[in-house]
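The values are calculated or read from the model by the stated rules, or taken from the named source; none is laboratory data. Bear in mind the structure is a predicted one, so any value in this text is a computation, not a measurement. Note that we place each Cβ from the backbone using ideal geometry, even for glycine, and neighbour counts take in every protein chain shown. Surface areas here come from the heavy atoms of the whole protein model, side chains and all, with no ligands, DNA or RNA. Shrake-Rupley method; radii C 1.70, N 1.55, O 1.52, S 1.80 Å.
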Amino acid sequence: MRIQLNGEPFELPDGEPVAGLLERLQLVGRRVAVELNLDIVPRSQHATTVLREGDRVEVVHAIGGG
Amino acid sequence: MSDVLRDKPFTLAGRTYGSRLLVGTGKYKDLDETRRAIEASGAEIVTVAVRRTNIGQNPGEPNLLDVIPPDRYTILPNTAGCFDAAEAVRTCRLARELLDGHSLVKLEVLADQKTLFPNVIETLRAAETLVADGFDVMVYTSDDPIIARQLADMGCIAVMPLAGLIGTGLGICNPYNLRIILEEAKVPVLVDAGVGTASDATIAMELGCDGVLMNSAIAHAGDPVMMGAAMQHAIIAGRLAYLAGRMPKKLYASASSPLDGLVR
């Protein structure tokens with residue numbers, strides 16, 4: 001299936017949870033926040049939140065800024 | 001520095017701070033320079049931006065929060081780069097998740113790329129939503145005293161008027177508006193943006209501001225680490241001068257040495 005990840009198309013196997021996506025991105029244990037279709041996915045729900053075709057996922061982190 | 005102890009504590013969202021200088025983390029050469037400049041500044045509250053993670057690039061890349069650890073600094077996520085209320089609210093919610101439920105945010109909704117002037121209409125909208133959602137909102141705004149009052153009345157925990165446009169270093173462009181804002185302030189007032197060098201920060205504090213937030217003045221200095229230290233002193237000097245109360249200005253001279261006993 002195909003999702004939109006940070007504005008770009010991204011291929012994933014069906015039934016992949018958010019935690020699986022972060023593992024593929026080598027972001028496990030990194031300080032990131034995940035938004036799915038404009039709603040926050042709390043860290044405690046990464047393992048149980050399953051992604052679906054067409055989902056819009058944002059993965060963000062902190063960078064330098066004023 | 002015993003006089004500093006007579007100062008009332010600087011409290012934001014129930015937490016007390018020793019430093020009245022807040023610093024940003026943008027525009028530095030690298031993370032090491034960021035860390036050293038912030039350490040030299042003595043700041044305890046540090047702003048960060050929230051941005052998309054680069055997918056598939058440098059997974060081992062050092063993270064900003066490794067050099068400014070949240071257990072040592074109060075991280076103040078900002079919404080810089082947002083141009084409407086919806087974007088700003090979304091960014092704050094992501095930041096709260098990123099920082100494990102931390103509710104302190106800097107709200108900044110911009111109107112225009114050239115001036116980076118705040119869009120106060122969208123700022124008011126976003127502030128209302130964020131306050132209702134339980135955020136502790138420190139809000140960047142224009143130096144309009146009426147808007148500052150409205151933002152405080154709607155529950156923002158600090159009002160942060162610009163002293164000059166972001167990144168210009170033009171200093172305190174309109175001290176009179178700041179004075180009006182300060183005169184009726186019900187929440188802490190911090191100058192955010194415009195400071196260019198140490199004396200600007202001192203002037204802001206002498207006016208009675210509760211603190212100053214700056215980024216470019218340190219990051220774009222010739223030696224950011226040294227300027228970080230200079231700003232620490234500037235803030236303390238301005239605060240002490242404000243507490244001490246300056247002498248009245250006079251038109252004519254007044255001798256400092258007594259005239260009695262003069263050798264004639």
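Between region B:94-112 and region A:22-64, how far is it from one alpha carbon centroid to the other, in angstrom? So the separation of the two Cα centres works out to 17 Å. The mean number of partner chain beta-carbon atoms within 10 angstrom of a residue's beta-carbon across peptide A:17-29 is 1. Distance between the 7 Å Cα→Cβ label points at B:Lys186 and B:Arg52: 4.1 nm. Inter-chain neighbour count for B:92-101: the average number of beta-carbon atoms from partner chains within 10 Å of each residue's beta-carbon is 5. Rounded to the nearest 500, the helix-only mean residue ellipticity at 222 nm of chain B stands at -10500 deg cm²/dmol, with each DSSP H run of n ≥ 4 adding -39,500 (n - 2.57). Based on protein heavy atoms only, the protein assembly as shown ends up with 49 Å² per residue of surface accessible to a 1.4 Å probe. Shielding value for B:16-25 is 1, the average number of Cβ atoms from other chains within 10 Å of each residue's Cβ.
The C-alpha radius of gyration of region B:10-244, expressed as a fraction of 2.2 N^0.38 Å, stands at 0.94. Mind grabbing the interface size between A and B? I mean buried accessible area, both sides, 1.4 Å probe, in Å² to the nearest hundred. The summed interface area works out to 2500 Å². Reported to the nearest whole Å, the Cα centre-to-centre distance from region B:244-262 to region B:132-156 is 43. Of all the options B:Ala229, B:Ala244, B:Ala111, the one that moves most in a Gaussian network model of chain B with Cα springs shorter than 10 angstrom is B:Ala244.
Across region B:98-112, coupling constants 3J(HN,Hα) worked out from phi with the 6.51/-1.76/1.60 Karplus curve, θ = phi - 60°, read 4, 9, 6, x, 4, 9, 7, 9, 9, 8, 9, 10, 8, 10, 7 Hz, and Gly and Pro carry x. Using a Förster distance of 56 Å, how high is the FRET efficiency between A:Glu16 and B:Met226, based on the Cβ-Cβ distance and rounded to 0.05? Given R0 = 56 Å and the Cβ-Cβ separation, E is 0.65. On a 0 to 90 degree scale, rounded to 10, what angle separates helix B:31-41 from the longest Cα axis of chain B? So the inclination is approximately 30 degrees.
Residues whose amide H comes within less than 5 Å of that of B:Val50, counting only those at least five positions distant or on another chain, are A:Ile63, B:Asn78 (H built at 1.01 Å from N in the peptide plane).
Note on chain B: GNM, Cα springs under 10 Å; of B:Tyr140, B:Tyr176, B:Tyr252, the largest mean-square fluctuation is that of B:Tyr252. With θ taken as phi - 60° and the Karplus curve 6.51 cos²θ - 1.76 cosθ + 1.60 applied, the whole-hertz 3J(HN,Hα) list for region A:48-65 is 9, 8, 8, 7, 10, 3, x, 4, 9, 10, 10, 10, 10, 9, 8, 10, x, x Hz, x standing for glycine and proline.
For region B:36-102, the carbon plus sulfur part of the accessible surface works out to 43%, probe radius 1.4 Å. With kT/(6 pi eta Rh) evaluated at 37 °C and eta = 0.692 mPa s, and Rh the Kirkwood radius from Cα pairs, the protein assembly as shown diffuses with a coefficient of 155 µm²/s according to Stokes-Einstein. Could you tell me how far the Cα centroid of region B:195-239 sits from the Cα centroid of region B:3-53, in Å? When both Cα centres are located, 12 Å separates them. Relative contact order of chain B, taken over Cα pairs closer than 8 Å and 6 or more residues apart, is 19 percent. Of all the options B:Ser254, B:Ser19, B:Ser199, the one that moves most in a Gaussian network model of chain B with Cα springs shorter than 10 angstrom is B:Ser254.
Rounded to the nearest Hz, the phi-derived 3J(HN,Hα) couplings of region A:20-33 under the Karplus curve 6.51 cos²θ - 1.76 cosθ + 1.60 (θ = phi - 60°) are x, 4, 5, 5, 4, 7, 6, 10, 5, x, 7, 7, 10, 10, where x marks glycine and proline.
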